[in-house]
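Have a look at the structure below, then the notes.
We did not get these values from a lab; they are worked out from the coordinates using the rules stated. Every value quoted in this text rests on a predicted model; they were computed, and no experiment measured them. Glycine gets a Cβ as well: all are built from the backbone with ideal geometry, and neighbour counts include every protein chain shown.
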Amino acid sequence: MKFRLLELTAIVFILFTSCNSNNKKNAETTSENLIEEEVVIDSHTSEKSLDWEGTYKGTLPCADCEGIERTITINKDQTYVSKDNYLGEKDGVFDSRGYIKWIDNGQKILLSDDNGTMYFVGENTLTQLNKSGNKVTGELADFYILKKQDLSNNEEIAFTDTKWKLVKLMGKDITDSEAFISFATEDNRVFGNSGCNTFTGTYNIENNTQLELSKIATTMMACPDMTVEDQFIKVLNTADNFSLNANTMTLNKAKMAPLAVFETAE
């Protein structure tokens, strides 16, 4: 009887130990699966796994124009520059710049513009979303997809050693003007024409986009209309950063709208 009691006790101990061991193994396995799943989810977000930096283009639908030709550049420092060209409209070019914010676990970006524009970030695409953060459906859905541009063939113009022709100043289009600016790599020299007089000075660049212009000096010719001249020189003394978007360059103050917009001269 005593022997049978000992035998039963041994069996119960073995079963108890086996059960605890299995529970421990199941707990460890579950924990490992959770950790592995968490890593997989994180590594497959658009922010982490896609080469999202670059320039995207597309033509969006427009209710009262031929279409909105949009070019947007997303930079590695999470800033952006956007240009909208309302096709067929006079004075229909608008520029926007600011910062992006990753939302929805790194799948979408939110622009710091007044409209709160959102995009879904895909493989070499940006899909503009509606106000609710969802993709547009229906026959026009494909028109909301901007495609990444291949700038490997030197399509993007360098900031320095390029002649930049003034095309917009303080929000107004500039036509029939010889105004331009150029930043020479040699001696960090800036020079150009402010509409009538020529100017020269020096510049310094920090953090890729921060710009400091100094020692700006101009010739002193009298001109019939000094409006463009005076505003251009004021911009040179005010601007503290610049941005590039394909063949367009802007001089800016902080996060304000561009003070001056330039295009590469022919």
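Under the rule a/c < 1.5 gives rounded, and otherwise a/b versus b/c splits prolate from oblate, where does the stretch 152-204 land using the Cα gyration tensor? Please report the intermediate quantities before stating the final value.
Numbers: a/c = 2.39, a/b = 1.19, b/c = 2.00.
It comes out oblate by the Cα gyration axes.
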field: Residues of type lysines that Lys172 reaches as a straight line, Cα spacing below 16 Å, ignoring anything fewer than 8 places off in the same chain
entry: Lys83, Lys90, Lys234
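Please get the size of the charge dipole for the stretch 50-148, origin at its Cα centre, with Cβ charges of +1 on Lys and Arg and -1 on Asp and Glu, quoted in debye to the nearest 20.
Numbers: 12 positive and 16 negative charges, 58 e Å.
Dipole magnitude for the stretch 50-148 comes out near 280 debye.
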Two-site label geometry, Cys65 and Lys147: point separation in nm, points 7 Å out along Cα→Cβ: 2.2 nm
- prompt: What's the exposure ranking of Met249, Met256, Met170, going from fewest to most Cβ atoms within 10 Å?
  reply: Met256, Met170, Met249
message: Within 10 Å of each candidate Cβ there may be at most 16 other Cβ atoms; applying that plus a DSSP loop requirement, which GluC sites (Glu not before Pro) in the stretch 151-253 survive?
response: Glu155, Glu156, Glu178
query: For Glu206, what charge total do you get from the other residues with a beta carbon under 13 Å from its beta carbon, if Lys and Arg give +1 and Asp and Glu give -1?
result: -3
query: In terms of the Cα gyration tensor, with a ≥ b ≥ c the square roots of its eigenvalues, is the stretch 163-264 rounded because a/c is under 1.5, prolate because a/b exceeds b/c, or oblate?
result: oblate
Net charge of neighbours whose Cβ lies under 12 Å from the Cβ of Tyr144, counting Lys and Arg as +1 and Asp and Glu as -1: +1
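Counting other Cβ atoms within 10 Å of each Cβ, which GluC sites (Glu not before Pro) in the stretch 45-138 have at most 10 and sit in a DSSP loop? Could the numbers behind the result be given before it?
Numbers: sites: Glu47, Glu53, Glu66, Glu69, Glu89, Glu123; in loops: Glu53, Glu66, Glu89, Glu123.
Within the stretch 45-138, the qualifying GluC sites (Glu not before Pro) (loop, at most 10 other Cβ atoms within 10 Å) are Glu123.
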task: Just grab the label-to-label distance for Asp113 and Thr227, each label 7 Å out from Cα along the Cβ direction, in nm (one decimal).
output: 2.8 nm
- prompt: By counting other Cβ atoms within 10 Å of each Cβ, how are Trp52, Trp102, Trp164 ranked from fewest to most?
  reply: Trp102, Trp52, Trp164
